[in-house]
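Read through the structure below, which is laid out as structure tokens, and then see the notes.
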Ligand code: DAH
């Protein structure tokens with residue numbers, strides 16, 4: 001091999017490469033050219049492979065020439081790379097032009113269901129009054145729902161709360177009062193606890209009744225608690241919730257409290273019962289092993305749906321379960 005051959009090969013390579021690089025239309029093509037000419041098995045390497053056969057005196061000149069060719073081609077590659085990149089960005093910008101006259105895309109906004117909102121609001125107030133939240137199961141045994149709450153098997157008061165029985169003898173709880181028993185079994189006085197939850201009744205559905213509804217139970221047990229503490233607590237709570245809506249206490253009966261009361265709030269021009277309450281019956285305290293000579297307690301069961309109806313001036317409890325977005329979007 002003569003130096004002339006290598007001179008000629010380098011010249012041809014340079015010419016070919018210059019044309020090919022200038023003609024490259026995409027960054028991919030350019031990368032393929034880089035590999036073709038400069039890669040390990042590329043053309044420049046194979047030309048330089050022939051150097052070994054040269055007269056040693058000629059090697060430095062050819063080596064230098066090869067470097068020049070390489071530098072020149074590299075510069076060309078770099079420039080073309082910049083050009084193609086700029087063109088690609090421009091093409092993307094052109095393709096992505098923003099049409100400001102296009103209609104916007106609509107994303108519906110989620111809302112908290114008025115019942116959950118009501119529970120949150122009530123719990124906020126009660127937590128602020130020093131109560132902590134406890135939960136209990138919706139499926140209950142007869143013991144927790146009735147018996148431990150001073151309603152033995154043939155007690156006539158069971159008629160007040162007919163429920164849905166499961167085939168295994170368990171039942172769906174008729175009230176959150178069952179959580180009182182669970183909580184007292186696990187804890188010692190002093191107690192200040194609230195428990196929100198779903199309850200079930202075999203009830204005829206109408207504007208103020210539902211077979212499934214929500215209650216918040218309140219229980220306080222301590223030394224020296226009186227009916228006065230109960231009244232004050234209920235009053236402060238209802239005022240925080242409703243402002244100065246008129247309320248009235250009405251003497252009532254519950255097997256698990258003595259004395260007992262119901263509280264009504266003005267709604268739709270009439271009184272609506274929103275909660276039951278009373279002093280925890282000594283039998284209930286005994287059932288969980290508390291000494292009723294030492295401790296007294298008061299309890300209340302709030303009707304969440306009724307609260308929502310009063311607060312939002314709703315005419316019918318069934319609206320809360322209808323999933324009618326025209327209704328729910330108001331809250
Ligand atoms: N559990 C009663 C009901 O569902 C409401 C109730 C009344 C709860 C008096 C109480 C209470 O804690 O003391 O109708």
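Computed values, structure above
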{"item": "Among residues of segment 82-124, those that are more than 30 Å from residue 311 (Cβ to Cβ), part of a helix (DSSP H, G or I) and free of Cβ contacts under 8 Å to residues at least 60 places away in the same chain, counted", "result": "12"}
{"item": "Filtered residues of segment 246-256 (kept if within 13 Å of the ligand (Cβ to nearest atom) and either over 39 Å from the mean Cα position of the chain (by Cα) or under 30 Å from residue 313 (Cβ atoms) (or both))", "result": "249, 250, 251, 252, 253, 254, 255"}
{"item": "Residue satisfying all of: in segment 200-237; part of a helix (DSSP H, G or I) and away from the ligand (no atom under 15 Å from the Cβ); nearest to residue 293 (Cα to Cα) among these", "result": "228"}
{"item": "Residue match in segment 285-298 (condition: under 16 Å from residue 238 (Cβ atoms) and surrounded by 23 or more Cβ atoms within 10 Å (Cβ to Cβ))", "result": "yes"}
{"item": "Residue check, residue 239 under 18 Å from residue 149 (Cα atoms) and surrounded by fewer than 15 Cβ atoms within 10 Å (Cβ to Cβ)", "result": "no"}
{"item": "Search result, residues across segment 135-187 that are assigned to a helix (DSSP H, G or I), away from the ligand (no atom under 13 Å from the Cβ) and under 31 Å from the mean Cα position of the chain (by Cα)", "result": "182, 186"}
{"item": "Flag for residue 270 being within 37 Å of the chain's Cα centre (by Cα), more than 25 Å from residue 226 (Cβ to Cβ), surrounded by fewer than 21 Cβ atoms within 10 Å (Cβ to Cβ) and assigned by TED's automatic domain parsing to the domain that holds residue 177", "result": "no"}
{"item": "Close pairs (7 angstrom Cβ cut-off, 6 or more residues apart or separate chains): without any contact (Cβ under 8 Å) to a residue 24 or more places away in the chain and in the same structural domain as residue 74 (by TED's automatic domain parsing) in segment 23-39, surrounded by 13 or more Cβ atoms within 10 Å (Cβ to Cβ) and not in a helix (DSSP H, G or I) anywhere", "result": "35/42; 36/42"}
{"item": "Elements of type helices (runs of 4 or more DSSP H) in segment 262-331, at least 3 residues being touching a helix residue (DSSP H, G or I) at 6+ places or on another chain (Cβ under 8 Å) and over 25 Å from residue 223 (Cβ atoms)", "result": "304-311"}
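The values are calculated or read from the model by the stated rules, or taken from the named source; none is laboratory data. Computed from a predicted model, the values in this text were never measured in an experiment. Counting neighbours? That spans all protein chains shown, and the Cβs are built from the backbone with ideal geometry, glycine included.
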